[in-house]
Amino acid sequence: MNILVIRTHRLGDILQLTPMIGGLKRSYPDSTIYFLTGKDYAPLLEGNPAVDAIIPFPEKEYRYALKNEPDGYPSLFNACHDLIGELRRIRFDLIVNRQYEWGARFASLAGASRIAGGAYSPERGFYFDDQPSQDLVDAIKGDRKKNRRNLVDWACRIAGLPPEGHTRMYLPLGPLDRREAQRLINDSRSDSTRPIVAVQAGAARTFRQWGADNFAEVIDRLIHEKGRRVVLMGSEDERDLFTGRGIGIGGEERNLINLMGETSLKTTGAVLERCEVLITGDTGPMHMAAAVGTPVLSLFFGTAYPWETGPYGYGHFILYADLPCAPCFDPSRCERGHLCKGMITPSVVMAAFETFDAFRRGDPVGWECPDPSVRLFVTSRDTGGEQVLVPPEQLAGGMPERGLCIDDGPDGEYLPAILRARGEEIIRSFMEGESERGFTDFAAYLEEWLALRKTAPSLGDEGLKSTGELINACLEALRSRDTVALIDAIEYGFNPRLEQSSHKSFNANHL
Amino acid sequence: MNEADHIYEENMQVLTARWPLLADRVRGHRAELSWEMFPARNGQVTARKVLEEGLVRHIHSRYDPEKAALRWAGLAPRDADTLAVLGFGLGYHAVAVRRMHHDGPLVIIEADRGLFHLALRSVPLTSLLNDPRTHLFVQESSDSIEEFLDDLNPGSLGYLPYFPVTDLYPEYYGPVRDLLEKRIFECRLRDEPALGREIGELLQETIG
């Protein structure tokens, strides 16, 4: 049985489908599951044991080219045609499409026996054949407040999965990702005895941002009142978010680790995994933290609805500004000046953090806020296994340490297998004309080998010497942009070393 | 006569019989000095180009050019009646494409006549060149390739870019690639109008 899942963008939305994919694999253990996703998001699924093949789609490049390079239209058309041809050759029995309109067209053109989620035909336009999809649309378009079901659970229903208590979201991490996270944190001069709190202040949509000043105050209090280290997460674009906010960005505050713009998708996950909690709004990293088993303290204003998009799993905290107008349909045109954002103050967040802290220790907890519209919830499960939001006192007794980790996947994966897969990926990039991506990935691959050269005991003195020479030759080939020499280096230089080392104790323990 | 001369004579004999004009041009043409030929580990000839500041770029494997060529040939589109290979280099991958799976016309396009000369001196290509389904364009303009495609009127068309060579001559291969994409696009619109319409709508939505 061949199954295709479609979702090409938004990292949170992709991660929200991972419980469903796991459920599909459990329900159809002999199936082959493909995932059509945006090229930039493929790492989120690499290493997921339920995903047998990722079909990367350069959606972002296509959008750019369509708008800016009209002469390139035939190439884009042909690339789509090729992709559809490839999908048709596979012959899917089931497509679960979680991307309406655009995904619906792809799902329909792929010609599956059954489509769950959005589909399209020239005669009917966009349509749903399954009842859960229709119910979801009705719920969102109707009285949204009546919907109490998380999108993760909706996705499972759409895929026709039994209500068996879906596992948490899952972001696979490998030893290389974890080592990079460790290096980034160790490189700071922070006090390593302090627990780390991650803060993601930016949000893709401005109306979802709480404001750098508010976050700056929370960060300051976490460090100076609560004895925490704080790691700032964020994208390259968000680097300047805290400039001039007086919280010691730039080095004067040793317990503030600024990793904005410093981490890849997987490294972000690995950093979050090392944190006791992430404080953020409704953002992609919120879902990443949940997917690596790190609790979240998330701030939901009227611009998002925590029952639908709140962090999935057990024991996440959600602060919600529950105004009558929330959740708003058009946050960009708020007539009340985003009153909801002002209701959640830095002091309210700190109080929620204290509640979270007590909850984790198993101490009695309660929640009282001067503004009764600001509510605090903890994520839990109902008897059918679907997510519910409950006040923290209802879950008194705390939760087990990292209690969200239900299935940790192949994290102890054998290092040679990972390096071999990365090498194959690089070769594929070069052969498909993605040279820039290949060069970037090769540079990262070389860094791994540089580290191994120093620490892997199995290569021996002679091996160390020749590996060093090989690395130098690769640096030269990178300078020349010599793809053939780099492919040769992987096939005839590095892979044989992995082969040799697979008989010895060359694994993640040596990192 | 050494082995290289022998290979060259045999290749030239076939080339002269099928493309006398090209054979004349190639005979009088020498490769740029920036090309270096040397034996790969498996004994086959491989080549690299010396760029500015002494940097070099290889166009075939230094270990096993034939094995690497098989891998490249595996990327060729399988459902095309007519297949173009962009960037001939020393030709290993074109030979592999023909040998592996392509039964229809094979259109070989090479930007550098000097490099083609080196290929004729280095690799036995007689069976590829002798094959009536092989069509050769060496340092020819896009217009002449377009004319040829007009005459051939292929049912369906695909192409395999050999990036180690095409990346060295982007100003030549860029327009050729655009031409091929356009032809493929036209073939598909002609043969599958309904699918073409749907893909068109899909792309329009992508912009939206």
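Scan the range A:382-408 for residues that are at pLDDT 80 or above and either closer than 15 Å to residue A:367 by Cα or of a type in the set (A, V, I, L, M) (or both) and jot them down. Those that are at pLDDT 80 or above and either closer than 15 Å to residue A:367 by Cα or of a type in the set (A, V, I, L, M) (or both): A:388, A:389, A:390, A:391, A:392, A:393, A:394. The residue that is surrounded by the most Cβ atoms within 10 Å (Cβ to Cβ), among those in the range B:59-81 that are more than 16 Å from the chain's Cα centre (by Cα) and more than 29 Å from residue A:84 (Cβ to Cβ), is B:61. For the range B:30-61, a residue qualifies if it is assigned to a strand (DSSP E or B) and more than 16 Å from residue B:3 (Cβ to Cβ), and the qualifying residues are B:35, B:36, B:47, B:48, B:49, B:50, B:56, B:57, B:58. Per the conditions (1) more than 26 Å from residue A:360 (Cα to Cα); (2) modelled with pLDDT of 90 or more; (3) assigned to a loop (DSSP other than H, G, I, E, B), the sole criterion not satisfied by residue A:204 is (2).
Conditions (1) at positive phi; (2) modelled with pLDDT under 95, marked per residue:
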position	(1), (2)
B:44	no, no
B:62	no, no
B:71	no, no
B:78	no, yes
B:87	yes, no
B:91	yes, no
B:104	no, yes
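Candidates are the residues of the range A:464-483 that are within 8 Å of chain B (Cβ to nearest Cβ) and open to solvent by less than 10 Å² (accessible area, probe 1.4 Å); the one that is modelled with the highest pLDDT is A:482.
Does at least one position in the range A:41-53 carry a residue that is more than 10 Å from chain B (Cβ to nearest Cβ), aromatic (Phe, Trp, Tyr) and under 22 Å from residue B:196 (Cα atoms)? So far as the range A:41-53 goes, no, none of its residues is more than 10 Å from chain B (Cβ to nearest Cβ), aromatic (Phe, Trp, Tyr) and under 22 Å from residue B:196 (Cα atoms). Which one is nearest to the other protein chains (Cβ to nearest Cβ), of the residues in the range A:90-144 that are surrounded by fewer than 20 Cβ atoms within 10 Å (Cβ to Cβ) and among the basic types (Lys, Arg)? Looking at residues that are surrounded by fewer than 20 Cβ atoms within 10 Å (Cβ to Cβ) and among the basic types (Lys, Arg), I get A:124. Scanning the range A:1-23 for residues that are more than 18 Å from residue A:118 (Cα to Cα) and in a helix (DSSP H, G or I) turns up A:11, A:12, A:15, A:18, A:19, A:22, A:23.
Identify, by number, the condition in (1) open to solvent by 10 Å² or more (accessible area, probe 1.4 Å); (2) within 25 Å of the chain's Cα centre (by Cα); (3) farther than 26 Å from residue A:48 by Cα that residue A:154 doesn't meet. Checking residue A:154 against (1) open to solvent by 10 Å² or more (accessible area, probe 1.4 Å); (2) within 25 Å of the chain's Cα centre (by Cα); (3) farther than 26 Å from residue A:48 by Cα, the one that fails is (3). Checking residue B:4 against (1) in contact with a strand residue (DSSP E or B) (Cβ under 9 Å, 6 or more places away or on another chain); (2) within 30 Å of residue A:84 (Cα to Cα), which test does it fail? Condition not satisfied by residue B:4: (2). Residue selection: residue A:84 fails the criterion of being more than 14 Å from every other protein chain (Cβ to nearest Cβ) and β-branched (Val, Ile, Thr).
Residue pairs whose Cβ atoms lie under 6 Å apart, sitting 6 or more positions apart in sequence or on different chains, and linking a residue in the range B:51-74 that is within 9 Å of chain A (Cβ to nearest Cβ) to a partner that is open to solvent by less than 30 Å² (accessible area, probe 1.4 Å) and polar (S, T, N, Q), are B:55/A:480; B:56/A:480; B:57/A:480; B:60/B:46; B:62/B:46; B:68/B:61. Residues in the range B:176-195 that are away from chain A (no Cβ under 11 Å) and surrounded by fewer than 19 Cβ atoms within 10 Å (Cβ to Cβ): B:190, B:193. Criterion applied to A:65, A:79 was being modelled with pLDDT under 90, outside any strand (DSSP E or B) and within 14 Å of chain B (Cβ to nearest Cβ), and the one residue passing it is A:65.
The values are calculated or read from the model by the stated rules, or taken from the named source; none is laboratory data. Fair warning: this is a prediction, and the values are worked out from it, not measured in the lab. Positions of Cβ are generated from backbone atoms using ideal geometry, with glycine treated the same way; all protein chains shown enter the neighbour counts. What goes into the accessible areas is simple: the full protein's heavy atoms, side chains included, and nothing from ligands, DNA or RNA. Shrake-Rupley method; radii C 1.70, N 1.55, O 1.52, S 1.80 Å.
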